[in-house]
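The values are calculated or read from the model by the stated rules, or taken from the named source; none is laboratory data. These figures come from a predicted structure and were not determined experimentally. With ideal geometry, Cβ positions are generated from the backbone for all residues, glycine too; neighbour counts draw on all protein chains shown.
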Amino acid sequence: MSKARTERAFFWLMRGATYFIVLAIAYIILDIVRHGLPAISWRFLTGFPQKSGAEGGILPAIVGTSCLVIGAIVAALPVGMASAIYLSEYARQGAFVRTLRLAIVTLAGVPSIVFGLFGLGLFVLFLGFGASILSGSLTLACMILPTIIVSSEEALRAVPQSLREGSLALGATKWQTIYENVLPYSLPGMLTGSILGVGRAAGETAPILLTVAAFFLPKLPRSVFDQVMALPYHLYILATQHPDVEKVRPMQYGTALVLLVLVLGVSLGAIVLRSHFRRKYRW
Amino acid sequence: MTANSPSEVKIEVEGLNFFYGPVQALFDVAMRIPARQVTALIGPSGCGKSTFLRTVNRMNDIIPGARIEGKVLIDGRDIYANGTDVVTLRKKVGMVFQKSNPFPKSVFENVAYGPRIHGAAARPALAEIVERSLRRAGLWDEVKDRLDASALDLSGGQQQRLCIARALAIGPEILLMDEPASALDPRSTARIEDLIGELRRDYTIVIVTHNMQQAARVSDFTAFFYEGQLIEFGRTKQIFTMPREKQTEDYITGRFG
């Protein structure tokens, strides 16, 4: 085959792979929308579950998942960004730092049920927080931390050294340099990491299974020490444990749809924020 | 290796040895740089002139594994002594880099960056400093109507003059310039050289250049470096017409480098 033909063949291969991914996602989303939309109603979104979840609404689960996601981000984002700044700007690059990075990357691959067990042991039992939003959020925070650290560090590394040197040569301290001349330009990258983190925090079932989630709790949380319902767990229970699985199928899809919309909504918000920063700190 | 320097010595270097980890880059350099004159550092690539320049404002500190022996005295005080405040030092010693590095901010924010970092916050005070510095750098007329436009939209020559204005804004006494015009076209280069001539009245300028004609045009004193050693230092006229060392003569006449 001629070179031009080979090239075109490969382009089509790559195009095909990309379209396939898009199609797969589109199919999943459309399927959930198709089956879930009939279940959506005002009562579903704002009401409380009744009859073990077979009827009523999922408001507590929506509130629960929202609290957990917000809690996870509030805990993980500052710690993740600070770690990334330390690793990228302050730490002496030696064997210790390399080991540290290896540990972070390894953490990313730990199965979520293991995180759940860890959260149970540390937050629920040892620190005595009990099954609560606090325990759940902190466990989820640990889970999404590696992603945030890695993407934040990459964002910091991408800022050219000439900007740091220029700032230092003017008599700025290292922190002033980072704060004024490095951090603003790495914000979009850091937000990307948090977008990925949010999706994972909202959707993971195993970690919250052991640390916070209740199947049937028809009231809203009043403090961080309360247990709470959560969308992914609710979906799991409806799909597997409920005595009449077929009857609640619309509820399952409805829950899935709400979870999807929630995650997409937060991601969209973060994307908008990221575009704002990209425009403001154009470099 | 001493020169007949005029009354005031601004920078004095004694027994300077510099190492990048195990590799030695400067060997026993001793020099007295006079105040309010232009001193050019010339020599072939890799001879240590940029390394030497960066020791004067301790910019080599940020390189891991960099080590220095000897003394660098500014106004009689060793800047490598324990307890030296590097921030104050860098307010006194400004630097312009070879590849201009305007910050991705507005023209105003670029020039105001230094003063703001050091505590000036009021907008009218900053505006005054910015105008003064831009005028000094010969850039005011070109940017006065677009102070809030991004500095990245300026031409190469304008960007370099912006970097000079930015360095001037913190009120230094010494200006270090590392091949400031090497990335510019001849016309912009000429403007920068004229600027150096004007700035000489108020600042001690040390300029690294690989362009010997530029050194001859612009400087009062010249130091010739070769392989990390200071070979010769003297008045520019003398270096270029009657060099004492054979190596200097070989370099100047283009036999190597």
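Worth pointing out:
- Scanning region B:92-115 for residues that are among the basic types (K, R) and surrounded by fewer than 19 Cβ atoms within 10 Å (Cβ to Cβ) gives B:K92, B:K99.
- Breaking point among (1) surrounded by fewer than 18 Cβ atoms within 10 Å (Cβ to Cβ); (2) in contact (Cβ under 8 Å) with a residue 40 or more places away in the chain; (3) not in a helix (DSSP H, G or I), for A:R222: (2)
- Residue match in region A:187-208 (condition: in contact with a helix residue (DSSP H, G or I) (Cβ under 9 Å, 6 or more places away or on another chain), within 14 Å of chain B (Cβ to nearest Cβ), part of a helix (DSSP H, G or I) and within 27 Å of B:I63 (Cβ to Cβ)): no
- Contact map, region B:1-17: residues that are at pLDDT below 90 paired with residues that are assigned to a loop (DSSP other than H, G, I, E, B), Cβ distance under 6 Å, separation 6+ or inter-chain. Pairs shown: B:E8/B:A35.
- Odd one out for B:I174 among (1) farther than 25 Å from B:K91 by Cβ; (2) surrounded by fewer than 24 Cβ atoms within 10 Å (Cβ to Cβ): (1)
- Counting the residues of region B:39-91 that are over 19 Å from A:S167 (Cβ atoms), among the charged types (D, E, K, R) and surrounded by fewer than 16 Cβ atoms within 10 Å (Cβ to Cβ) gives 5.
- Of all residues in region B:112-149, those being more than 14 Å from chain A (Cβ to nearest Cβ) and either among the polar types (S, T, N, Q) or outside any helix (DSSP H, G or I) (or both) number 8.
- Of everything listed in (1) surrounded by fewer than 21 Cβ atoms within 10 Å (Cβ to Cβ); (2) away from chain A (no Cβ under 14 Å); (3) over 23 Å from B:E198 (Cβ atoms), the single unmet condition for B:R36 is (3).
- Pairs, first surrounded by 13 or more Cβ atoms within 10 Å (Cβ to Cβ) in region B:137-150, second aliphatic (A, V, I, L, M), C-beta under 6 Å, six or more apart: B:A137/B:I164; B:A137/B:A165; B:G138/B:L195; B:L139/B:A165; B:W140/B:L134; B:V143/B:V107; B:L147/B:V107
- Residues of region B:57-105 classified as at the interface with chain A (Cβ under 9 Å from one of its Cβ atoms) and among the hydrophobic types (A, V, I, L, M, F, W, C), total: 10
- Qualifying residue in region A:200-212 (condition: among the charged types (D, E, K, R) and farther than 22 Å from A:I73 by Cβ): no
- Residue within region B:156-167 that is within 14 Å of chain A (Cβ to nearest Cβ), out of contact with any helix residue (DSSP H, G or I) (no Cβ under 6 Å at 6 or more places or on another chain), under 27 Å from B:I62 (Cβ atoms) and among the β-branched types (V, I, T) present: yes
- So B:T241, is it more than 22 Å from B:L168 (Cα to Cα), modelled with pLDDT under 90 and not acidic (D, E): no
- Selected residue (criterion: nearest to the other protein chains (Cβ to nearest Cβ)) from residues of region A:240-283 that are over 18 Å from A:A202 (Cβ atoms) and of a type in the set (S, T, Y): A:Y281
- Of the listed requirements (1) closer than 25 Å to A:H242 by Cα; (2) modelled with pLDDT of 90 or more, A:W12 misses just one: (1).
- Scan of region A:155-186 for residues that are free of Cβ contacts under 8 Å to residues at least 12 places away in the same chain, out of contact with any Lys or Arg (no Cβ under 7 Å at 6 or more places or on another chain) and not in a helix (DSSP H, G or I), ordered by number: A:P160, A:A172, A:T173
- Looking only at region B:181-204, and only at residues there that are in contact with an Asp or Glu (Cβ under 9 Å, 6 or more places away or on another chain) and more than 17 Å from B:S100 (Cβ to Cβ), the one that is surrounded by the most Cβ atoms within 10 Å (Cβ to Cβ): B:T204
- Answer from B:T88, B:T55 - the residue that is of a type in the set (V, I, T) and more than 24 Å from B:E179 (Cβ to Cβ): B:T88
- Counting the residues of region B:208-228 that are assigned to a strand (DSSP E or B) and either surrounded by fewer than 24 Cβ atoms within 10 Å (Cβ to Cβ) or without any contact (Cβ under 8 Å) to a residue 24 or more places away in the chain (or both) gives 1.
- Test: B:L162 is more than 30 Å from B:R32 (Cα to Cα), of a type in the set (A, V, I, L, M, F, W, C) and outside any strand (DSSP E or B): no
- Any hit, region A:14-29, residues being of a type in the set (V, I, T), more than 26 Å from A:P218 (Cα to Cα) and surrounded by 12 or more Cβ atoms within 10 Å (Cβ to Cβ): yes
- Within region A:39-93, considering residues that are of a type in the set (V, I, T) and more than 16 Å from A:V228 (Cα to Cα), the one surrounded by the fewest Cβ atoms within 10 Å (Cβ to Cβ): A:V74
- Only one entry in B:P172, B:P180 is within 23 Å of B:I74 (Cα to Cα), of a type outside the set (F, W, Y) and away from chain A (no Cβ under 12 Å), namely B:P180.
- Selected residue (criterion: nearest to B:T39 (Cα to Cα)) from residues of region B:239-257 that are part of a helix (DSSP H, G or I) and free of Cβ contacts under 8 Å to residues at least 24 places away in the same chain: B:I239
- Residue match in region A:140-156 (condition: within 29 Å of B:Q160 (Cα to Cα), modelled with pLDDT of 90 or more and within 14 Å of chain B (Cβ to nearest Cβ)): no
- Looking across region A:267-283, the residues that are basic (K, R) and surrounded by 13 or more Cβ atoms within 10 Å (Cβ to Cβ) come down to A:R274, A:R278.
- Within region A:89-115, the set of residues being in contact with a helix residue (DSSP H, G or I) (Cβ under 6 Å, 6 or more places away or on another chain) and within 14 Å of chain B (Cβ to nearest Cβ) comprises A:E89, A:A91.
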